[in-house]
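Asks: Structure below; questions to follow.
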Ligand code: AP5
Ligand code: MG
């Protein structure tokens with residue numbers, strides 16, 4: 001059976017990094033509301049126009065918008081399993097996810113919490129950049145390109161940074177996480193779904209810990 005998992009953690013915890021690995025290694029489907037919103041902003045859609053300024057301030061986009069985005073993409077992950085990356089982020093979004101999964105006869109298998117300390121997060125986010133062509137994620141110190149200025153995957157020499165990856169916006173994003181997202185953890189914990197993983201460990205070690213959690217689910 002396909003697994004449905006949430007990767008939960010503050011900005012820079014490694015949700016996107018680990019989701020991309022799971023997608024590549026296990027053929028699961030990464031559903032990142034942040035990526036969906038950035039695509040909408042780039043395409044200038046009505047959702048993008050609403051979301052742009054909110055994202056640049058580091059605040060949360062409305063529950064209705066992000067829940068609709070997930071609803072539109074969920075069926076594509078039916079056979080393979082879904083990795084929810086950056087969703088849900090509020091109690092209302094958690095309820096919306098239950099409804100969306102229930103309507104499809106599916107359920108949540110794990111909520112994987114990536115635990116990282118706040119000073120490390122600022123370092124991770126301010127050093128992050130991605131390939132402008134294929135989207136591979138890098139970090140100036142923690143995951144540099146093998147050849148300086150050349151993407152390991154597609155050899156492009158163009159890279160980009162997110163407009164919300166500056167220290168001031170990161171602080172707002174963290175405050176939003178503590179105030180609105182962390183409170184959903186006890187609800188999942190009470191259901192026995194939460195597995196907390198040390199997100200300060202090296203990327204390969206974090207990936208191995210997540211793999212161990214998924215492998216023990218015999219379904
Ligand atoms: P979103 O895109 O989800 O951003 P975020 O939650 O702030 O998280 P990040 O993407 O910054 O971090 P990450 O955990 O993916 O870390 P990464 O793997 O890149 O959301 C952006 C905005 O969109 C929000 O602020 C909001 O406005 C809006 N939004 C999105 N979803 C929403 C929702 N559901 N509701 C309302 N609004 C929503 O890693 C970071 C860096 O660290 C990388 O450079 C990486 O190489 C490096 N790194 C990763 N792991 C390690 C490691 N183990 N050791 C060393 N370095 C590492
Ligand atoms: Mg991300």
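The values are calculated or read from the model by the stated rules, or taken from the named source; none is laboratory data. Remember, it's a predicted structure, so these values are computed and weren't measured experimentally. Quick reminder, even Gly has a Cβ in these numbers, built from the backbone with ideal geometry, and neighbours come from all protein chains shown.
Asks: Filter region 2-35 down to the residues that are away from ligand 1 (no atom under 13 Å from the Cβ) and not in a helix (DSSP H, G or I), then identify the one that is nearest to residue 75 (Cα to Cα).
Replies: Among them, the one singled out is 29.
Asks: Further, regarding this structure: Exactly one of (1) touching a strand residue (DSSP E or B) at 6+ places or on another chain (Cβ under 9 Å); (2) away from ligand 2 (no atom under 16 Å from the Cβ); (3) touching a residue at least 24 places away in the same chain (Cβ under 8 Å) is unmet by residue 187. Its number?
Replies: (1)
Asks: Right, here's the next one. Looking for whichever is in contact with a strand residue (DSSP E or B) (Cβ under 9 Å, 6 or more places away or on another chain), surrounded by 15 or more Cβ atoms within 10 Å (Cβ to Cβ) and at pLDDT 95 or above here; the options are 65, 70. Which one fits?
Replies: Residue meeting the stated conditions: 70.
Asks: Of all residues in region 154-179, which are in contact with a strand residue (DSSP E or B) (Cβ under 7 Å, 6 or more places away or on another chain), without any contact (Cβ under 8 Å) to a residue 40 or more places away in the chain and assigned to a loop (DSSP other than H, G, I, E, B)?
Replies: Result: 154, 156, 157, 161.
One line per residue, one yes/no per condition, for (1) at pLDDT 95 or above; (2) part of a loop (DSSP other than H, G, I, E, B):
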{"residue": "52", "(1), (2)": "yes, no"}
{"residue": "98", "(1), (2)": "yes, no"}
{"residue": "121", "(1), (2)": "no, no"}
{"residue": "129", "(1), (2)": "yes, no"}
{"residue": "135", "(1), (2)": "no, yes"}
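Asks: State all residues of region 36-56 that are surrounded by fewer than 20 Cβ atoms within 10 Å (Cβ to Cβ), near ligand 1 (Cβ under 8 Å from one of its atoms) and in contact (Cβ under 8 Å) with a residue 24 or more places away in the chain; if no residue qualifies, say none.
Replies: 38
Asks: Out of (1) within 18 Å of the chain's Cα centre (by Cα); (2) in contact (Cβ under 8 Å) with a residue 40 or more places away in the chain; (3) over 13 Å from residue 11 (Cβ atoms); (4) in a helix (DSSP H, G or I), what's the single condition that is false for residue 209?
Replies: It fails just one condition, (2).
Asks: Please identify the pairs in which a residue from region 1-16 that is touching a residue at least 24 places away in the same chain (Cβ under 8 Å) and within 16 Å of residue 211 (Cα to Cα) has its Cβ atom under 7 Å from the Cβ atom of a residue that is within 11 Å of ligand 2 (Cβ to nearest atom) and in a loop (DSSP other than H, G, I, E, B), counting only partners at least 6 apart or on another chain.
Replies: Correct list of pairs: 15/9; 15/86.
Asks: Checking the conditions here, which among 133, 180, 123 is within 11 Å of ligand 1 (Cβ to nearest atom) and more than 22 Å from residue 200 (Cβ to Cβ)?
Replies: After applying the criteria, what remains is 180.
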